[in-house]
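Here, each number is a calculation from the coordinates, and none is a lab measurement. Bear in mind the structure is a predicted one, so any value in this text is a computation, not a measurement. Here the Cβ positions follow ideal geometry from the backbone for every residue, glycine too, while neighbour counts run over all protein chains shown.
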Amino acid sequence: MKYIIAPSILSADFGNLQRDIEMINQSEADWFHVDVMDGVFVPNISFGFPVMAAVKKHATKPLDVHLMIVQPDNFIGEFAKAGADRITVHYEACTHLHRTIQLIKASGCKAGVALNPHTPVTLLQDVIEDLDLVLIMSVNPGFGGQQFIHNTYKKVQNLNRLIQGRNEELIIQVDGGVGLQNISALVSAGVNAFVAGNAVFATDNPTETISKMKNLLST
Ligand code: DX5
Ligand code: ZN
């Protein structure tokens, strides 16, 4: 099983963004997690295309773009152009989710759907075969540094049941409050991709923290 660590640049030092990007490039991390917030879908605004393009310019690893925005269809082409390799939209923000997934794929990106903590995984049963990734939010989206919601374990197990015989290649990602303290338990529940913001960037040695996370995944 290949496990993915995706540090979230939301927790990076934006005054030293290039330095932090290089740190991730040199580390054992697999992807850059890029959190885009519009101030409407979530009560926060992060950054948009110019920052993403700047990240793309320096990043040597794939950009995993998490769109916390309403009406994502309007921007999928532009995010693909700005360098997204994967685009994840929120179930709660898509009236025509099937169409949105097809749009992401047509743009040349891998397609993911994120679920807020209150949204059951069963709502994905009619699109599960079409997806490359499901992101289970383990905090309410909008901010880094929040506390992990325990019910996430149950949701991961339910999702694992849902994909049996239907899409076993699906990547199951968790995002929010993930760190050295819960990675092993999440692996046991069936998670294979981990987003980590504060757990990486709020430590004295982020490179070493990423390496410790990777070690937990290989034991
Ligand atoms: C939250 C974002 C997360 C966030 C995670 O809305 O989607 O990606 O950066 O931050 P931590 O790991 O600090 O909870
Ligand atoms: Zn995210």
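Some observations on this one:
- Selection of GluC sites (Glu not before Pro), the range 83-170, meeting DSSP coil and at most 16 other Cβ within 10 Å: GLU168, GLU169
- Rounded, prolate or oblate (a/c below 1.5 giving rounded, otherwise prolate when a/b exceeds b/c) for the range 4-218 by Cα gyration tensor: oblate
- Full extension of the chain between ALA202 and THR122 yields a length gain of 25.3 nm, computed as 0.36 nm times the residue separation minus the alpha carbon distance.
- Separation in nanometres of the label points that stand 7 Å from Cα toward Cβ, at GLU78 and GLN164: 4.4 nm
- Ignoring aspartates and glutamates fewer than eight residues from LYS81 along the same chain, the ones with Cα atoms less than 16 angstrom from its Cα are ASP64, ASP73.
- Taking trypsin sites (Lys or Arg not before Pro) in DSSP loop states with no more than 15 other Cβ atoms inside 10 Å as exposed sites, the chain has its longest site-free stretch at 3-165.
- Estimated purely from DSSP H runs of n ≥ 4, each contributing -39500 (n - 2.57), the mean residue ellipticity at 222 nm for the chain is -9500 deg cm²/dmol once divided by its residues.
- Anisotropy class of the range 1-103 from Cα gyration tensor, a/c 1.5 cut: prolate
- By the rule of a C-alpha distance below 14 Å, with chain neighbours fewer than 8 residues away ignored, the aspartates and glutamates paired with LYS61 are ASP20, GLU22, GLU28, ASP30, ASP85.
- Cα gyration tensor shape for the range 94-219, rounded if a/c is under 1.5, else prolate or oblate: prolate
- Relative contact order (%) - criterion: Cα under 8 Å, at least six apart; region: the chain: 21 percent
- Phi angles of the range 102-111 translate, via the Karplus equation with coefficients 6.51, -1.76, 1.60 and θ = phi - 60°, into HN-Hα couplings of 5, 4, 4, 5, 5, 7, x, 9, 6, 10 Hz per residue; Gly and Pro are given as x.
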